[in-house]
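Novice: So that we are looking at the same thing, I have put the structure below in structure tokens.
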Amino acid sequence: MYYHGKGLGFVSFQPSEIFKIFFTIALARYLSDIDTEGNLNMIELVKLFAVFLLIPMALIMKQPDLGTSLILLFIFGAVVLVFGIKKKVLILMITISLISFFFIKDIVWYGLKDYQKNRIKVLIDPDVDRQGLGYQVRQSKITIGSGGLQGKGYLKGTQGPLRFLPEKHTDFIFPIFAEEWGFFGSFALFFLYFALLIRGIDTAVKARDTFGKLLAFGITSMLFFYFTINIGMTIGVMPVVGVPLPFMSYGGTSFLTNYLAIGILINIRSRRFPLM
């Protein structure tokens, strides 16, 4: 379910996790240095897409790691929109995307691997893979619902310990939390995540320069997409992809990336006032 990266014997790491931080820094630095008065034209947008997004996405998808590729795409879109695009260019891009979708959807579909196709099919109808991914999603919903309002208590859940729910320590850690702490605990967890995201947006707004603003917003959007996609796939409204829940899912590289992201946000916020 989750790509484990490369091993060095005594330690393993996932390069694409760390890459997201460098990708966001490079994109924010480049946009802050160009003189476009905050409005990218079509040529600049295409060049930016080709240089910063197309090649990294192709390499990461070759792993294959569809989840990280989607995160890069979302970060790119969020940062570029915050920086600014000419209105005509934005309308043209949306129109082209909508029209081209009907022509390239079959090409994209047949280009996906069988397990990736299966994830999309399961999103529409979990019964197409009752013993595999459909079972995973169904058990995830059952685990979340079994917690009720107050939950069963810390370490008193049954779905995880009895191994009804696979991947319970990585991508599907939230259902285990929801079973133990219930609706009220899940609400509190969501509140903490939203507080973190709002703090990140506030840091971006108060940053003293364009680079800090774009970098803070890019990192915040990364955490937001991590949270949204992970929760979405555990409740069955998004396809299952290898996207961990920040600060909760098992994975050393993921933890390191998240802490680096928070450290950068703290640094940007602490330097929001010009030095005297």
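Novice: Quote the charge dipole size of the chain about the Cα centre in Debye, to the nearest 20; the model charges only the Cβ of Lys and Arg (+1) and of Asp and Glu (-1).
Specialist: Roughly 240 debye for the chain.
Novice: Sticking with this structure for a sec: For the residues Asp171, Asp202, what sequence is obtained by ranking on other C-beta atoms within 10 Å, fewest first?
Specialist: Going from least to most buried by this count: Asp202, Asp171.
Novice: Only counting other Cβ atoms within 10 Å, I'd like Ile144, Ile198, Ile18 sorted with the fewest neighbours first.
Specialist: With the sparsest Cβ surroundings first, the list reads Ile198, Ile18, Ile144.
Novice: So which lysines can Lys156 reach, going by Cα to Cα under 19 Å and dropping same-chain residues fewer than 8 places off?
Specialist: Lys141, Lys168
Novice: Give Lys117/Lys152; Lys121/Lys213; Lys20/Lys86 a once-over and call out the pairs whose C-alpha atoms are over 32 Å from each other.
Specialist: Beyond 32 Å between Cα atoms: Lys117/Lys152; Lys121/Lys213.
Novice: Run the helix sum for the chain: -39,500 (n - 2.57) per DSSP H stretch of 4+ residues, divided by residue count, reported at 222 nm to the nearest 500 deg cm²/dmol.
Specialist: So the calculated ellipticity at 222 nm is -22000 deg cm²/dmol.
Novice: Given the options Ile262, Gly77, Ile142, identify the residue whose Cα lies farthest towards the positive end of the charge dipole of the chain (+1 on Cβ of Lys, Arg; -1 on Cβ of Asp, Glu).
Specialist: Farthest towards the positive pole: Ile262.
Novice: So how do Tyr193, Tyr226 line up by other beta-carbon neighbours within 10 Å, fewest first?
Specialist: Going from sparsest to densest Cβ surroundings: Tyr193, Tyr226.
Novice: Given H placed 1.01 Å from N in the peptide plane, which residues other than close sequence neighbours of Leu40 have an amide H under 5 Å from its amide H?
Specialist: For Leu40, the qualifying residues are Ile85, Lys86.
Novice: Still on this structure, I have one more. log10 I(q)/I(0), Debye, Cα-only the stretch 163-206, no solvent, q = 0.20, 0.25 Å⁻¹?
Specialist: -0.70, -0.84
Novice: Rounded to two decimals, what is Rg over Rh for the chain when you use alpha-carbon atoms and the Kirkwood radius?
Specialist: With Rh from the inverse mean 1/r over Cα pairs, Rg/Rh is 0.99.
We did not get these values from a lab; they are worked out from the coordinates using the rules stated. Note that the coordinates shown come from a computational prediction; the quantities given were computed from them, not determined experimentally. Positions of Cβ are generated from backbone atoms using ideal geometry, with glycine treated the same way; all protein chains shown enter the neighbour counts.
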